[in-house]
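Q: I have a structure I would like to understand better, so I am pasting it below and will then ask my questions one at a time.
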Amino acid sequence: MTITIDSSLTDPRIIVALDFDSAKTALALADRLEPGQCRLKVGKELFTCAGPALVEDLQARGFDVFLDLKFHDIPNTVAKACRAAADLGVWMVNVHTLGGRRMMEAAREAVDAASYNPLLIGVTILTSMGVDDLREVGLSGSPEHNVLRLACLAEASGLDGVVCSPREVSVLRDTVGHAFRLVTPGVRPADSISDDQKRVTTPEDAIANGSHYLVVGRPITRAEDPVAALRAINAVILPRL
Ligand code: C5P
């Protein structure tokens, strides 16, 4: 079956992770992609190298930007950082849920007071952490147990969603409200290598299980034809939306 993709999706579900070390490389890829097909993620490396000017350049090309800086600090500092991100006009920004309820509530207030209101997302437990890592920092229980607990705290603190592993989506989907966004990295098309991601899920399974947005890096950024790679992922998830 051939699925035709509109040149512009109303709510593109793929967020392409621009994990590059220069604005030039990031913009070269952005210029090959279409804002109607994907959003773009700017993380710590690229933002540290290229700063707000790059975010503005991407937005000027029509892209929604997820500013993935995982703010984690005292409530006042995080609130001001979130306000700065909102003033920059980003579509999504994130904080670390381990900063606690007061920090997340302060972030919520700051974003609500801005003239533009990005989606405010919480990072729960980093997927790189296992049971032993958690115990070492004083957290008992499994990563999954802690993700669920922190996602509920994020929802109660007014956040719009969380970043989580695609393997945790099903249980979270049954626990949090329908509108609470689940943003999942660790996605690999069936014919793709998993790189350093250990617990991967295909894009179609992630969407079928309840992910709203899929963060995809190397399967698109390192593809011989990034446009075709993005198109192929959109084609497999569209029937499941
Ligand atoms: O290249 P790949 O698809 O593995 O990139 C995944 C992206 O998602 C990277 O930008 C990575 O930093 C991010 N990420 C992740 N796991 C998390 C949180 C974010 O892989 N738990």
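Q: Can you work out ³J(HN,Hα) from phi for every residue in segment 118-131, in order, using Karplus 6.51 cos²θ - 1.76 cosθ + 1.60 and θ = phi - 60°, giving whole Hz and x for Gly and Pro?
A: x, 5, 10, 10, x, 8, 8, 10, 4, 5, 7, 9, x, 4
Q: Starting from the Kirkwood radius over alpha-carbon pairs of segment 97-155, derive D by Stokes-Einstein at 37 °C in a medium of 0.692 mPa s and give it in µm² s⁻¹. Write out the running numbers ahead of the final one.
A: Details: Rh = 12.6 Å.
It diffuses with D of about 260 µm²/s by this estimate.
Q: Right, here's the next one. Report the Stokes-Einstein translational diffusion coefficient (µm² s⁻¹, integer) for segment 51-119, Rh taken as the Kirkwood radius over Cα pairs, at 4 °C with viscosity 1.567 mPa s.
A: Values: Rh = 11.9 Å.
Diffusion coefficient, whole number: 109 µm²/s.
Q: Which of LEU67, SER140, SER192 sits farthest toward the positive end of the charge dipole of the chain, with +1 on the Cβ of Lys and Arg and -1 on the Cβ of Asp and Glu?
A: The listed residue farthest towards the positive side: SER140.
Q: So which trypsin sites (Lys or Arg not before Pro) in segment 36-93 pass both tests, a DSSP loop state and at most 15 other Cβ atoms within 10 Å of the Cβ? All intermediate terms of the calculation are to be shown ahead of the outcome.
A: Values: sites: ARG39, LYS41, LYS44, ARG61, LYS70, LYS80, ARG83; in loops: ARG61.
Within segment 36-93, the qualifying trypsin sites (Lys or Arg not before Pro) (loop, at most 15 other Cβ atoms within 10 Å) are ARG61.
Q: May I pose another question? I'd like to know how segment 14-102 sits against the 2.2 N^0.38 Å rule of thumb: what's its Cα Rg over that expected value? Don't skip to the answer; put the middle values down first.
A: Numbers: Rg = 13.2 Å, N = 89, 2.2 N^0.38 = 12.1 Å.
Cα Rg divided by the expected 2.2 N^0.38 Å: 1.09.
Q: To continue, here is another question. How far is the Cα center of segment 128-177 from the Cα center of segment 49-89, in Å?
A: 24 Å
Q: Relative contact order (percent) for the chain, with alpha-carbon contacts under 8 angstrom and 6 or more residues of separation?
A: Numbers: 438 pairs, mean separation 42.0, N = 241.
The value is 17 percent.
Q: Report in % the part of the accessible area of segment 14-240 that belongs to carbon and sulfur, leaving out ligands and nucleic acids; probe 1.4 Å. Could you put the intermediate results ahead of the total?
A: Numbers: 5080 of 10110 Å².
Here it works out to 50 percent.
Q: Turning to a different aspect of this structure: With every protein chain present, what is the per residue accessible area of segment 14-240 (1.4 Å probe, Å²)? The partial results should precede the final answer.
A: Numbers: 10110 Å² over 227 residues.
Value for segment 14-240: 45 Å² per residue.
Q: In vacuum, with every alpha carbon of the chain counted as one equal point scatterer, what does the Debye formula give for log10 I(q)/I(0) at q = 0.13, 0.18 Å⁻¹? Two decimals, please.
A: Results for the chain at q = 0.13, 0.18 Å⁻¹ read -0.78, -1.50.
Q: How many percent of Cα pairs in segment 7-54 exceed 14 Å? Present the calculation step by step, with values, prior to reporting the outcome.
A: Values: 548 of 1128 pairs.
The calculated P(r) of segment 7-54 puts 49 percent of pairs beyond 14 Å.
Q: Can you tell me how segment 120-241 classifies by the Cα gyration tensor, rounded, prolate or oblate, using a/c under 1.5 as the rounded cut? Write down the numbers at each step before the final one.
A: Working: a/c = 2.39, a/b = 1.49, b/c = 1.60.
Here segment 120-241 falls in the oblate category.
Q: Residues of segment 224-238 with amide nitrogen under 20 Å from the 7 Å Cα-to-Cβ point of THR25?
A: Answer for this model: 224-230.
The values are calculated or read from the model by the stated rules, or taken from the named source; none is laboratory data. Being a predicted model, the structure only gives us computed values, none of them experimental. Positions of Cβ are backbone-derived with ideal geometry, glycine not excepted, and every protein chain shown enters the neighbour counts. Note: accessible area is taken over every heavy atom of the protein model, side chains too, but ligands, DNA and RNA are not part of it. Shrake-Rupley method; radii C 1.70, N 1.55, O 1.52, S 1.80 Å.
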